[in-house]
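K.L.:
Sharing a structure with you now.
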Amino acid sequence: MIKFSPSILTADFVHLGEAIEELDSAKTDMFHLDVMDGIFVPNISIGIPVVASIRKATSTVLDVHLMIDRPHRYIKQFAEAGADIIGFHTEAGSDIKETIDLIHSFGKKACLTIKPKTPASEVFPYLKELDMVLVMSVEPGFGGQKFMSEVLPKVTEIRNECDKLGIDMDIEMDGGVNLETAPLCVKAGANVLVTGNVLFSAENKAKRLEELREIVK
């Protein structure tokens with residue numbers, strides 16, 4: 001099953017509650033929350049209070065993507081704020097196994113994320129312990145970037161390794177996913193698609209989400 005995770009990074013925060021309500025009515029699978037600290041990536045976005053506020057507004061799965069330095073320091077806070085899935089980067093400076101275990105200790109799902117230039121093999125040792133892998137199809141830090149098609153073989157590598165190990169793994173793609181690139185992601189082996197501008201720039205977000213669903217069938 002193909003799932004969609006609308007990224008609020010490109011939403012109009014003045015009307016964020018309305019957008020969440022509209023997408024909830026369209027039965028979105030989850031919401032993608034990008035957390036940036038200005039250190040791991042050259043941008044600053046939302047933090048713990050915003051995650052907690054969104055949690056009050058929806059019961060939909062919150063897919064929290066930590067683009068922060070040494071993320072293990074904040075796992076407890078984001079878990080308590082209401083994150084359902086907590087993703088962190090292999091490149092961010094935390095012990096990967098310990099951070100996965102820490103996420104699970106709070107009853108949350110763990111997602112390991114790699115940048116476009118990081119080899120797919122970096123996640124292989126942890127596949128049996130993960131709930132999801134996120135492959136970035138842009139350099140992390142800013143929304144609205146162009147999709148990097150060169151990452152697609154990495155998605156296929158991870159999917160093939162999961163199949164080899166007998167693991168039914170969610171593989172997520174984030175960055176430049178739109179009506180043209182979404183089918184390419186699915187063909188490569190991804191089943192969770194983060195959608196930003198393509199969704200939040202639409203006058204009718206629910207209709208656009210349905211268009212995306214139809215195009216990847």
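The values are calculated or read from the model by the stated rules, or taken from the named source; none is laboratory data. A quick note: this is a predicted structure, and the numbers were derived from the prediction, not measured. Backbone-built Cβ (ideal geometry, glycine too); neighbour counts: all protein chains shown.
K.L.:
Quick check on the stretch 5-28: of everything there that is among the hydroxyl-bearing types (Ser, Thr, Tyr) and modelled with pLDDT of 90 or more, which residue is nearest to VAL133 (Cα to Cα)? First the steps, then the outcome.
P.N.:
Start the filter on the stretch 5-28 by keeping residues that are among the hydroxyl-bearing types (Ser, Thr, Tyr), which leaves 5, 7, 10, 25, 28.
Retained after the next criterion (residues that are modelled with pLDDT of 90 or more): 5, 7, 25, 28.
Working: SER5: 14, SER7: 17, SER25: 27, THR28: 20 Å.
Going through the qualifying residues, I end up with SER5.
K.L.:
Which ones in the stretch 180-205 are of a type in the set (A, V, I, L, M, F, W, C) and either surrounded by 17 or more Cβ atoms within 10 Å (Cβ to Cβ) or modelled with pLDDT of 95 or more (or both)? Working first, answer last.
P.N.:
Taking the stretch 180-205 as the starting set, the residues that turn out to be of a type in the set (A, V, I, L, M, F, W, C) are 182, 184-186, 188, 190, 192-194, 198-200, 202.
Across the stretch 180-205, the qualifying residues are ALA182, LEU184, CYS185, VAL186, ALA188, ALA190, VAL192, LEU193, VAL194, VAL198, LEU199, PHE200.
K.L.:
Here are some conditions: (1) in contact (Cβ under 8 Å) with a residue 24 or more places away in the chain; (2) under 23 Å from GLN145 (Cβ atoms); (3) in contact with a strand residue (DSSP E or B) (Cβ under 6 Å, 6 or more places away or on another chain). ILE44 meets all but one. Which one does it not meet?
P.N.:
Condition (1) is where ILE44 drops out.
K.L.:
Taking helices (runs of 4 or more DSSP H) that fall entirely within the stretch 72-171, which contain at least 2 residues that are β-branched (Val, Ile, Thr) and either free of Cβ contacts under 8 Å to residues at least 40 places away in the same chain or in contact with a Pro (Cβ under 6 Å, 6 or more places away or on another chain) (or both)? Show your work before the answer.
P.N.:
Numbers: elements: 75-81, 96-105, 152-165.
Counting at least 2 such residues, we get 96-105, 152-165.
K.L.:
So which residues in the stretch 29-74 are β-branched (Val, Ile, Thr), surrounded by fewer than 23 Cβ atoms within 10 Å (Cβ to Cβ) and closer than 21 Å to MET1 by Cα, if there are any at all?
P.N.:
Matches in the stretch 29-74: THR60, VAL61.
K.L.:
Test SER7 against the criterion of being of a type in the set (Ser, Thr, Tyr) and touching a strand residue (DSSP E or B) at 6+ places or on another chain (Cβ under 7 Å), and give yes or no. Reasoning before the result, please.
P.N.:
Details: of a type in the set (Ser, Thr, Tyr): yes; touching a strand residue (DSSP E or B) at 6+ places or on another chain (Cβ under 7 Å): yes.
So SER7 passes the test.
K.L.:
Mind checking whether some residue in the stretch 90-98 is crowded, with 17+ Cβ neighbours inside 10 Å, within 18 Å of VAL177 (Cβ to Cβ) and in contact with a strand residue (DSSP E or B) (Cβ under 9 Å, 6 or more places away or on another chain)?
P.N.:
no
K.L.:
What are the pairs with Cβ atoms under 8 angstrom where one residue, in the stretch 51-65, is on the phi > 0 side of the Ramachandran plot and the other, located anywhere, is buried (at least 17 other Cβ atoms within 10 Å of the Cβ)? Sequence gap at least six, or different chains.
P.N.:
none
K.L.:
Here is a further query. Is it true that ILE86 is modelled with pLDDT of 95 or more, closer than 20 Å to ASP174 by Cα, touching a strand residue (DSSP E or B) at 6+ places or on another chain (Cβ under 6 Å) and not polar (S, T, N, Q)?
P.N.:
Values: modelled with pLDDT of 95 or more: yes; closer than 20 Å to ASP174 by Cα: yes; touching a strand residue (DSSP E or B) at 6+ places or on another chain (Cβ under 6 Å): yes; not polar (S, T, N, Q): yes.
When the stated conditions are applied, ILE86 passes them.
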